[in-house]
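> Sharing a structure, written as structure tokens. Questions coming.
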Amino acid sequence: MKVTQRWLTWVRRLAFAAVLLLAAATPGMAATWSSFRCQGSGCEKAGTVRWIRPLPGSWTVQNGMTGTTPVTGQAYGALGSQVAALGSGLTVSAYRASTGQRLWTTRLTGFAPGSAITAVRVWPGVITVGVTPPAPGTTPATGTTPAPPRREVVLQAGTGHQVRAYPAAPFGGAVAASPGTTVIVGPRAVTSYANRTGTVRWSRPTGPVPQDWQVDGGQLYLAVAAGGYLGSAPVTALRRINLATGAQRIVRPHGSPYDGALSLAYQGVVVFSSARWATAYSGSTGRALWQHPNALPETFDAVAGRLYLISGNTLIGVNPQTGTTLARVNAASSSGLYGVREGAVLGIDHGGLGKAWAYDIATQRVLWTSRALPWPHYFVDLSGIGGSAPPGEDAVLLAVCGQVGPQPAGNTTPACARPELAVVNR
């Protein structure tokens, strides 16, 4: 089913377990600070911990890729040039990106019990937070009760004040935002709202079922498939929507439907993934450009101008227009890949001696490693918009545990006595 394809890239991203034994060459020590800000002359150096600040709430620690996570549910984080934001449950906290100063903490209101944050995205001047309702219940008379739609909450970045809340598709939400406007992938349309009044600026209907989508600069690509991403029908067209004006163009493939599920868009190229291929098409004409066998789209590096695929345990950088291989990194061990930025693979080592590191693809060597960041956890938004390593920022956002609490008898996951949020320069 399409839902399996949608999650396939994320599963492979976890399974890739990138890269490179060498990043763990130097053992670290457990963190001994509860609040830290770099104040020396080398604070801008790559790999330097810029700041660490306490996290609210109850957290636990686990080995492996999970690391430091809330006791219940999941946490979602995003980093911008001015603000770092983290959401868990229905609570959102914001920190100054340069210093780690806590700006505000707010609890979202007006949601049914059991609702939880499932996305955090930082934009200039605002933060958008996706809130998903609890799973639908059942009644003897009517059977399954439909769940209300996900809501996308717009918060002022400086104060945490709630500006608006808009209906959103389950895997949709904000794809562009500013203090004045927000563009939402909703349950049946892509809509631009005026935040001051909540009125609709423009709206483009997308049908009754949610579809896969990708953002490429100022363009949104939305799949057209009967049944949406939950169905098995092929993608027969793409909606290419200008995020500023709402201008829409239908882009159809030449001959056969698009091969697979829409998985990535970069430099006017859209990449589809199937069980056999990663297939690239022109985002303006629908013409097939290239294929890579047994590969999945992973990410892109805007500075290097490369699109990255995963094939087995190999990360492959290609020219987005031609598919020509430009770089290759072979995995050798188990670590956590969370991005490729400016020609470097970013990863973490797990456990109590965890560190963040960067590996230069061109020279095949480690560029930097951070000091110890015990039980590190990186944040991922499946849209590629939010998360630990935003393409335009020179830092990485991680949750860590400064001190593990006592482990109750019979409990396999120790509590974290001092959960912390860390920003590392890259």
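> Taking a ≥ b ≥ c as the square roots of the eigenvalues of the Cα gyration tensor of segment 284-426, is the shape rounded (a/c under 1.5), prolate (a/b larger than b/c) or oblate? Walk me through the numbers before you get to the answer.
Values: a/c = 2.24, a/b = 2.11, b/c = 1.06.
The shape class here is prolate.
> Quote the relative contact order of the chain in percent (integer), defining contacts as alpha-carbon pairs under 8 Å separated by 6+ residues. Walk me through the numbers on the way to the answer.
Details: 1157 pairs, mean separation 84.0, N = 426.
Across the chain, relative contact order equals 20 percent.
> Name all residues of segment 149-175 having a backbone nitrogen under 17 Å from the label point set 7 Å from the Cα of R204 along its Cα→Cβ direction, giving them as ranges.
Those under the cut-off are 169, 172-175.
> Moving on to the next point. Using amide H atoms built in the peptide plane, which far-off residues or other-chain residues are under 5 Å from W202 H to H?
S192
> Looking at the chain from every direction and averaging, what is the projected area of its Cα convex hull in nm²?
Numbers: hull surface 86.2 nm².
For the chain, the mean projected area of the Cα convex hull comes to 21.5 nm².
> Hey, another quick one. Could you work out the relative contact order of segment 323-424, using alpha carbon pairs under 8 angstrom and six or more residues apart, expressed as a whole percent?
On the way: 186 pairs, mean separation 17.5, N = 102.
Averaging sequence separation for qualifying contacts and normalising by length gives 17 percent for segment 323-424.
> Separate question: Note down the accessible area of D394, probe 1.4 Å, to the nearest 10 Å².
Rounded to the nearest 10, the figure is 80 Å².
> Additional query: Residue by residue through segment 164-170, what is 3J(HN,Hα) from phi via Karplus (6.51 cos²θ - 1.76 cosθ + 1.60, θ = phi - 60°)? Round to whole Hz and write x for glycine and proline.
Along segment 164-170, the couplings run 8, 9, 10, x, 9, 5, x Hz.
> Leaving out ligands, DNA and RNA but keeping every protein chain, what accessible area does S282 have, in Å² rounded to the nearest 10, with a 1.4 Å probe?
For S282, the solvent-accessible surface is approximately 20 Å².
> Also: List the residues, sorted by chain then number, that are 5 or more residues from T118 or on another chain and whose placed amide H is less than 5 Å from its amide H.
When sequence neighbours closer than 5 places are left aside, the close amide H contacts are G130, V131, T132.
> Kindly provide the helix-only [θ] at 222 nm of the chain, computed as the sum of -39,500 (n - 2.57) over DSSP H runs of four or more divided by all residues, to the nearest 500 deg cm²/dmol?
Details: 1 runs with 15 residues, N = 426.
Calculated from helices alone, the mean residue ellipticity at 222 nm is -1000 deg cm²/dmol.
> Can you give the relative contact order of segment 65-134 as a percent, counting alpha carbon pairs under 8 Å and 6+ residues apart? Intermediate results must be reported in sequence, preceding the final value.
Details: 143 pairs, mean separation 19.5, N = 70.
Answer for segment 65-134 is 28 percent.
> In whole angstrom, how long is each semi-axis of the equivalent ellipsoid of segment 342-426, when you take the square root of 5 times every eigenvalue of its Cα gyration tensor and sort them from largest down?
Ellipsoid semi-axes (Å, largest first): 27, 15, 11.
> Take the solvent-accessible surface of the protein heavy atoms, probe 1.4 Å, and return the percent of it on the chain that carbon and sulfur atoms account for. List each step's numbers first, then the result.
On the way: 9490 of 17480 Å².
C and S atoms contribute 54 percent here.
> Taking a probe of 1.4 Å, how large is the accessible area per residue of the chain, in Å²?
Values: 17480 Å² over 426 residues.
Each residue of the chain exposes 41 Å² on average to a 1.4 Å probe.
> Under a 10 Å cutoff between Cα atoms, tell me which one of T118, T106, T72 has the largest fluctuation in the Gaussian network model of the chain.
Looking only at T118, T106, T72, the largest GNM fluctuation is found for T72.
> Once amide H atoms are built 1.01 Å from N in the peptide plane, which residues 5 or more positions from W123, or in another chain, come under 5 Å H to H?
So W123 has HN proximity to T128.
The values are calculated or read from the model by the stated rules, or taken from the named source; none is laboratory data. None of these values were measured; they are calculated from a predicted model. Don't worry about glycine lacking a Cβ; one is built from the backbone with ideal geometry, like all the others, and counts go over all protein chains shown. Ligands, DNA and RNA are stripped out before the accessible areas are found, and what is left, the full protein with its side chains, is counted by its heavy atoms. Shrake-Rupley method; radii C 1.70, N 1.55, O 1.52, S 1.80 Å.
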